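Trainee: Structure provided below as structure tokens; questions to follow.
The values are calculated or read from the model by the stated rules, or taken from the named source; none is laboratory data. These figures come from a predicted structure and were not determined experimentally. In this analysis, Cβ positions are derived from the backbone assuming ideal geometry, glycine residues included, and neighbour counts consider all displayed protein chains. With ligands, DNA and RNA removed, areas are computed over all heavy atoms of the protein, side chains included. Shrake-Rupley method; radii C 1.70, N 1.55, O 1.52, S 1.80 Å.
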Amino acid sequence: MLLQISPSLRHVTLLPGKGLREFIKVRIASRRLSYRILFYLLLFFTFLLRFVFVLTAVDGIDGENKCSTIEIKKKIAGCLGIKLRPKILGRKLESTVPEEIYGILDQPIGKDELERRSDIPQTLEEFMTEMKKGGYDARTFAIKLREMVTFMEQRTRMAKIQEYLYRHVASSSIPKQLHCLDLRLANEHTNNAEARLQLPSAELVPALVDNSYFHYVLASDNVLAASVVAKSLVHNSLQPERVVLHIITDRKTYYPMQAWFSLHTLSPAIIEVKALHHFDWFTKRKVPVLEAMEKDQNVRSRFRGGSSAIVANTIEKPKFIAAKLQALSPKYNSVMNHIRIHLPEMFPSLDKVVFLDDDIVVQTDLSPLWDIDMNGKVNGAVETCTGQDKFVMSKRLNNYLNFSHPLISKKFDPNECAWAYGMNIFDLEAWRKTNISYTYHYWVEQNTKSDLSLWQLGTLPPGLIAFHGNVHTIDPFWHMMGLGYQENTSFDDAKNAGVVHFNGRAKPWLDIAFRQLRPLWTKYVDFSDNFIKGCHIRRS
């Protein structure tokens, strides 16, 4: 066989040959090209030597690498083999971090070990400067790194807990402006006959039980919040003359609420203001939800060591401390938060109502909700498992219920989609044919007996259980949530929703509200009103 290679190295020819003649031809052909091949071989070995030099240099920097050795020949052969062999064979590279460093980083640090230490670097820049100046070995490097990271973790944890504490105080306290508004309106109710007008007037009372009207129910002890819900509802209605808004409040807020809506009419809409003690069934017989609230308050007393005692916990993660702080919120012991479960009893003549929370803003006409076919279901609600965000729209039952408890795990699917309170259509006629209210009270009692081990907070978990199998999903357009949780909520997206819900701590009437979202709410506050100006309630 004869091997012929062209001078340009672009063509290789194999010709048949026999025996010694073939061997000679190959030798002759190769001899003709020896100089050119030698040139390329020199280039190749020059590149290879450079490559070996770089690998050797890198290995020399890693002083404690197991590949290091004094003999340069062994270094080149051993290190080059270690670095190339895994890549050639398709295996992962071996770690170059000494095991001693791992061992030191795995060692725990006592909670008091770093107290009053002034030699711990506060920043990465300080750490690197100290390491470069000190010339430390790997062991000292690992010890210093562990101390700095642990110290920064402790500071981060404390900062996070302090943030939760401040937010808890800000969201749970009554702002002095709102307290001022209640006092001024109560005084107005006492001294001004117009502030004591019957709501609604006598000729409009029949509309309160007329099912040809659109009936809305709002339960609130916040006058300013209720005024925004009512104003946004009526102003965006295409048929305001058919709107009936039933406002339910508590005894202490009744007179301020009555005075506000007497002096700020929303005609032609019909506004009714009633306190809980005005309902006969609420005063003349035992109300299970009130009994449950009393028991629930006793159970929550374990959290009542005060916020300072909760924050002093040095073991629990910040999110668990935040949950305990949230348990101190007054809303979880407010009957206003539970009242919706009694809607069929409170409005025995009505067939359908839309329930509204006081931290929502209506941005469109809601009358189409009455045309939705509920298919025999009781509760029309938006599902909350269709989004990607972790706070609001990615919630399933396992986000609210404790599926490690046998009472929960035996009856429910943890992956089942959850739904939202805040803007709900309730078919009261269908509700009266079910045992939903009884189921609600039963599970609230079970949770109290189990020391809040079925769920910890709120009325949504027992609602998810009580309405299970009786929820009709409605379009998300009707209820956009999370405006009190997520600062990155798009203003344009929120502006285009039918109803926006400021659920979360950052309520729009608080200083901690998200500035870019607050205009959606302040749009319906008249800052030129004498009561608003007199209590220094400002736009921002």
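Trainee: Look through region 499-513, keep the residues that are of a type outside the set (Lys, Arg) and open to solvent by 20 Å² or more (accessible area, probe 1.4 Å), and return whichever of them is modelled with the highest pLDDT.
Mentor: Ranking the candidates gives 509 first.
Trainee: Next up: Kindly indicate which of 447, 470, 496 is open to solvent by 40 Å² or more (accessible area, probe 1.4 Å) and touching a helix residue (DSSP H, G or I) at 6+ places or on another chain (Cβ under 9 Å).
Mentor: The conditions single out 496.
Residue-by-condition table, conditions (1) at pLDDT below 95; (2) farther than 22 Å from residue 504 by Cα:
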| site | (1), (2) |
| --- | --- |
| 312 | yes, yes |
| 320 | yes, no |
| 325 | yes, no |
| 349 | no, yes |
| 360 | no, no |
| 372 | no, yes |
| 375 | yes, yes |
| 378 | no, yes |
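Trainee: Now for a separate question. Being more than 44 Å from the chain's Cα centre (by Cα) and assigned to a helix (DSSP H, G or I) is the filter; apply it to region 193-203 and report the residue that is farthest from residue 367 (Cα to Cα). First the steps, then the outcome.
Mentor: Looking only at region 193-203, we keep the residues that are more than 44 Å from the chain's Cα centre (by Cα), and these are 193-194, 201-203.
Among the residues that remain, those that are also assigned to a helix (DSSP H, G or I) are: 193-194, 202-203.
Working: 193: 34, 194: 31, 202: 25, 203: 24 Å.
It comes out as 193.
Trainee: If you don't mind, another one. What's the number of the only condition in (1) within 28 Å of residue 233 (Cα to Cα); (2) under 22 Å from the mean Cα position of the chain (by Cα); (3) without any contact (Cβ under 8 Å) to a residue 60 or more places away in the chain that residue 359 fails to meet?
Mentor: (3)
Trainee: For residues in region 402-444 being open to solvent by less than 70 Å² (accessible area, probe 1.4 Å) and of a type in the set (D, E, K, R), which is farthest from the chain's Cα centre (by Cα)?
Mentor: Checking each candidate, the answer is 427.
Trainee: Scan region 204-226 for residues that are more than 16 Å from residue 266 (Cα to Cα) and either modelled with pLDDT under 95 or buried (at least 21 other Cβ atoms within 10 Å of the Cβ) (or both) and report the count.
Mentor: 4
Trainee: Please indicate, with yes or no, whether at least one residue in region 150-160 is under 30 Å from residue 535 (Cβ atoms), surrounded by fewer than 16 Cβ atoms within 10 Å (Cβ to Cβ) and of a type in the set (Val, Ile, Thr).
Mentor: No: zero hits.
Trainee: Of the residues that sit in region 116-134 and are under 34 Å from the mean Cα position of the chain (by Cα) and of a type outside the set (Val, Ile, Thr), which one is most open to solvent (accessible area, probe 1.4 Å)?
Mentor: Step by step, filter region 116-134, then rank; the result is 125.
Trainee: Please go through region 362-387 and pick out each residue that is open to solvent by less than 30 Å² (accessible area, probe 1.4 Å) and without any contact (Cβ under 8 Å) to a residue 40 or more places away in the chain.
Mentor: Hits for region 362-387 are 385, 387.
Trainee: Anything in region 171-199 that is touching a helix residue (DSSP H, G or I) at 6+ places or on another chain (Cβ under 7 Å), open to solvent by less than 60 Å² (accessible area, probe 1.4 Å) and not polar (S, T, N, Q)? List them, or say none.
Mentor: 178, 181, 182, 185, 186, 188, 189, 195, 199
Trainee: Further question: For residue 247, all conditions in the list (1) modelled with pLDDT of 95 or more; (2) surrounded by fewer than 17 Cβ atoms within 10 Å (Cβ to Cβ); (3) in contact with a strand residue (DSSP E or B) (Cβ under 7 Å, 6 or more places away or on another chain) hold save one; what is the number of the exception?
Mentor: (2)
Trainee: Among the numbered conditions (1) out of contact with any helix residue (DSSP H, G or I) (no Cβ under 9 Å at 6 or more places or on another chain); (2) surrounded by fewer than 18 Cβ atoms within 10 Å (Cβ to Cβ); (3) in the same structural domain as residue 368 (by the TED database), tell me where residue 229 comes up short.
Mentor: Residue 229 satisfies all of (1) out of contact with any helix residue (DSSP H, G or I) (no Cβ under 9 Å at 6 or more places or on another chain); (2) surrounded by fewer than 18 Cβ atoms within 10 Å (Cβ to Cβ); (3) in the same structural domain as residue 368 (by the TED database) except (2).
Trainee: When you look at residue 297, is it at pLDDT below 90, not hydrophobic (A, V, I, L, M, F, W, C) and not in a loop (DSSP other than H, G, I, E, B), yes or no?
Mentor: It is true that residue 297 is at pLDDT below 90, not hydrophobic (A, V, I, L, M, F, W, C) and not in a loop (DSSP other than H, G, I, E, B).
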